[in-house]
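Since the structure comes first, as structure tokens, the remarks are kept for the end.
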Amino acid sequence: MLEEIEELCERALTEIGSAPDSEALEGMRVRYLGRKSRLREIMSQIGSLPTAQRPALGQASGTAQKAIQQALERRQVALQEAAEVSSAIDVTLPGRRPLAGNLHPLMRLTEELVAIFQGMGFSIAEGPEIEDEYHNFDALNTPADHPARDLHDTFYLTDGRLLRTHTSTVQIRVMETNPPPVRIVSLGRCYRKDSVDATHHFAFHQIEGLYVDKKVSFADLKGTIEVMGRQLLGERTRVRFRPHFFPFTEPSVEYDFSCSICGGSNSACRVCKGTGWIEIAGAGMVDPAVFEAVGYDSERHTGFAFGMGIERVAMIRHGIDDIRLFLENDLRFMRQF
Ligand code: PHE
């Protein structure tokens, strides 16, 4: 009888282990553990056997019963899990596209500008957005009565500090702490009290370049701007310089790029309005007064500086006609880039 129990248990375990579904499993439970099962029969007979045989048989049948019970439970769980997985995955459905973010158009352009200037040997400098009047105006040779200082143009904090109105502040900070030669670009957010419309915003981004060394000339400035223009808007881009005034550069210029959209051939061009030129920003040779403010010897060193609005370039590049779109974070706009 002992042998029979062992055989029976072994057979039950193999069969249960490969039961194809819960229905078959239930059949096996009845067959192996049910009231009419062989195991039950054996167990009911134990009482009438000679005393010496009882303990061994009792133990063997108890163990078998438990083993079969556990095998049934394990198989039940396995079948259930398999059923859940197969009902959750419909292999005929099209795949779900993973949600991938993309960079903000200004961020993309910023990275591109950084790469262009790094390629010309400039390194990246940063400065604070909350500035003092000294770095934003005084050190940049901006007289106390200059209109840019006006409450109408500048956001002043209650402690007398201000939100920087341009990234030229970073030139001063870099020159204060580094002796020449200096070759940096700084990028970042600036603030002006402009009323918001399609081409003005109170928060915008600038990139500023500064190159100071012995014998830096206006030709170097022109070459640098030209390389940037070609890399940004295409090989055929030309640059035009017009006389201008900035307190911190002398001489000062504004520079334009030839229109990359119509090349000047379309009088209805939205980007250049038919003039063939797009106004980009300001530049010039660093004013000796600025060198004095940071302790550079203006007899030994010369330098150029230039700045431009990043939104402006992005608008020209993509034909965007409203600067507000950059700050609204409307996904329908952003997904286009
Ligand atoms: N800081 C000037 C502006 O915001 C731009 C500029 C930078 C001009 C450097 C000359 C040299 O308009």
| request: Output the residues belonging to segment 88-108 that are within 11 Å of the chain's Cα centre (by Cα) and among the basic types (Lys, Arg). | output: ARG108
| request: Any chance you could count how many residues in segment 209-229 are outside any helix (DSSP H, G or I) and open to solvent by less than 20 Å² (accessible area, probe 1.4 Å)? | output: 4
| task | Would you check which residues across segment 193-212 are under 19 Å from ILE316 (Cα atoms) and within 11 Å of the ligand (Cβ to nearest atom) and list them? | result | PHE204, GLN206, ILE207, GLU208
| message | For VAL286, only one of the following conditions fails: (1) closer than 24 Å to MET120 by Cβ; (2) open to solvent by less than 30 Å² (accessible area, probe 1.4 Å); (3) touching a Leu at 6+ places or on another chain (Cβ under 7 Å). What is its number? | response | (3)
| task | Could you check, for segment 153-162, whether at least one of its residues is assigned to a strand (DSSP E or B), touching a residue at least 60 places away in the same chain (Cβ under 8 Å) and not acidic (Asp, Glu)? | result | no
| Options MET285, MET308: the member that is within 12 Å of the ligand (Cβ to nearest atom) and touching a helix residue (DSSP H, G or I) at 6+ places or on another chain (Cβ under 7 Å) | MET285
| request: Filter segment 166-192 for residues that are within 11 Å of the ligand (Cβ to nearest atom), in a loop (DSSP other than H, G, I, E, B) and either among the aliphatic types (A, V, I, L, M) or open to solvent by 10 Å² or more (accessible area, probe 1.4 Å) (or both) and give the result. | output: HIS166, ARG192
| note | Filtering segment 317-332 down to residues that are surrounded by 14 or more Cβ atoms within 10 Å (Cβ to Cβ) and either among the aromatic types (Phe, Trp, Tyr) or not in a helix (DSSP H, G or I) (or both) yields ILE320, ILE323, ARG324, PHE326
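The values are calculated or read from the model by the stated rules, or taken from the named source; none is laboratory data. All values reported here derive from a predicted model rather than from experimental measurement. With ideal geometry, Cβ positions are generated from the backbone for all residues, glycine too; neighbour counts draw on all protein chains shown. Please note that ligands, DNA and RNA were not included when accessible areas were found on the heavy atoms of the full protein model with its side chains. Shrake-Rupley method; radii C 1.70, N 1.55, O 1.52, S 1.80 Å.
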